[in-house]
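Following: one structure in structure tokens, then a few remarks.
Read-outs: derived from the displayed coordinates by stated rules, not from any lab. Model, not experiment: these values are computed from the prediction. For neighbour counting, all protein chains shown are included, and Cβ atoms are generated from backbone atoms with ideal geometry for every residue, glycine included.
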Amino acid sequence: MIDSGNSNQESLREATIAVLGLGHVGLPTALGFAELGREVVGADGDPSKVALIRAGQVPFFEPGLSELLSKHLKSGRFRPVEDVDAAVRSASILFICVGTPQREDGQADLTQVEAVAQVVARNLNGYKLIVEKSTVPAITAQWLKRTILRYSNGKAAVVTPAANEGTANHFDSHLEAGVSAANFEVASNPEFLQEGRAVENFFHPDRVVCGVESARAREILTEIYRPLPCPLVITTVSTAEITKHAANAFLATKISFINMVADLCEKLGADVAGVARGIGLDSRIGPDFFNPGIGFGGYCFPKDLRAFMHLAQEHGLEFSLLKEVERVNLQRVEVFIRKVRQALWVLQGKTIGILGLAFKPGTDDVREAPSLKIVQALLEEGGILRMYDPQGMPNAQQVFPEAPGRITYCTSAYDAARGAHALLLLTEWEEFRRLDLIRLRDLMELPVLVDGRNLYDPGAARQAGFEYVSVGRDGATNLALHSPVETRVA
Ligand code: UGA
């Protein structure tokens, strides 16, 4: 708790943080704060999840997270609890990290955010800074305020910027001034963590964005993030909310752009890897998120794109550029299936090995994974599937249960290749890069490799005896010069 007895800096450092929601965002965030030396209460309304976490088990796969969890369960700086009300009472800084799934019409479903606001409202026992970390539309802060005021039975008052400015000791000043002990304010601190790299991203972010409405909120968030070596961008709340949506929408745009360039490269006998390198070295463009393939998936890009378009539409703007980004992405599955058909002709009755089910490497998450859409399409065409993913199989099994003679989950990539007429690479796991291609080929009925992520070097794959198909590189006529070669100009 922040109390008026300490100096301002000490109050800031000692203030307990509550992280509400312990999913892919909340758990890495909570443990990241604990590692930065903060006292953190992590709350989640799902008692079985909390029990698992308390027992030192991370409920999903995220590299480096279980080490941090055991470290901070031991240090006592991270306390997982299922009582969200108690967590709110115990802390002055609340990070909202609950899910914001997508509704049928593309809007973000803010049910869980509203529920948290109600919990906050009934547990206001002093100043609270309520920080949105979940991805939310740009009007959410207003709704949070309204909801807390509504449900607090007149106990709460929103801190106004004017009440905070012009003093170095904001906590103490507001308490000393006798302002209601149930004051609160809302800030936005969007997360940019990537699944599979969340721990690394937390400690080495490109930037931290904080949308605040008062000097006090700015000071609290600046103090929390002070140890991180990156620019801190302080904005208004709605600017921060939009920054999050715009970042994801822009990255998704880059992916759809390079996917279209890849298709054009195929038609013209060019190599998309060379194009991506050639444009990515332009510092105005940048090299990342230029890997073409089967398209983007996961819990964030597809849903955030739709929510951003919906938000624009609600405010009278047609963000048609993003509609096209989505359309191009949805087409990727068909573009890929066409490649498989071109390689195998009839799919009915063919055994197809699948390497990779997770929506990207480093995670067990299969939500909106393009790989699962491909699996669905292959099943509809009568394919017999042998599937393997290092982490994603338990989640994939929830969607496509094992079915003898149709769907087999395998013990390794080699097992998936056994007797296959084609092998499809759908997630670029590092362990797939290191496979012995000759051994793989020898296990197969036909040596067909369709690489949906451009993981392999075309020359090496063909040298291993594969009929090799990839994305945006197959039209290139001179295979020896397939990979872009760089030389320095003196
Ligand atoms: C994304 C953003 O990158 C994070 O900054 C953000 O915090 C997060 O969403 C979120 O909103 O919570 P994430 O969904 O974990 O992170 O995964 P990404 O690494 O961005 O990949 C998204 C999808 O794009 C994957 O399916 C991946 O395979 C695909 N992708 C990525 C490509 O097809 N090509 C690329 O060059 C890069």
Practice problem: Provide the percentage of antiparallel DSSP beta bridges, counting only those with both residues in the chain; round to the nearest 5. | Solution: 5
Quiz item: What GluC sites (Glu not before Pro) does the stretch 240-319 have in DSSP loop regions with at most 13 other beta carbons within 10 Å?
Solution: 318
Self-check item: Set of lysines near residue 71 by C-alpha distance (under 25 Å), chain-local residues within fewer than 8 positions excluded
Solution: 49, 133
Quiz item: Where in the stretch 286-390 are there trypsin sites (Lys or Arg not before Pro) that are in a DSSP coil and have at most 16 other Cβ atoms within 10 angstrom of their Cβ?
Solution: none
Quiz item: How much mean residue ellipticity at 222 nm does the chain get from its helices, if each DSSP H run of length 4 or more adds -39500 (n - 2.57) and you divide by all residues, to the nearest 500 deg cm²/dmol?
Solution: -13000 deg cm²/dmol
Quiz item: Around residue 40, with a cut-off of 10 angstrom between Cβ atoms, what is the net charge of the other residues, counting Lys and Arg +1 and Asp and Glu -1?
Solution: +1
Quiz prompt | Whole-number percent relative contact order across the chain, with pairs defined as alpha carbons under 8 Å at least 6 apart | solution = 12
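Shape verdict for the chain, please, from the Cα gyration tensor: rounded (a/c under 1.5), prolate (a/b greater than b/c) or oblate.
prolate
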Self-check item: Derived scalar couplings ³J(HN,Hα) [the stretch 417-422; Karplus, 6.51 cos²θ - 1.76 cosθ + 1.60; whole Hz; x for Gly, Pro]
Solution: 7, 4, x, 7, 7, 7
Self-check item: lysines with Cα under 22 Å of residue 339, excluding same-chain neighbours fewer than 8 positions away
Solution: 267, 350, 360, 373
Exercise. Find the all-direction average of the projected area of the Cα convex hull for the stretch 202-291, expressing the result in square nanometres with one decimal place.
Key: 6.9
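If you take every residue apart from residue 143 with its C-beta less than 15 Å away from the C-beta of residue 143, what net charge results, scoring Lys and Arg +1 and Asp and Glu -1?
Value of the local net charge: -4.
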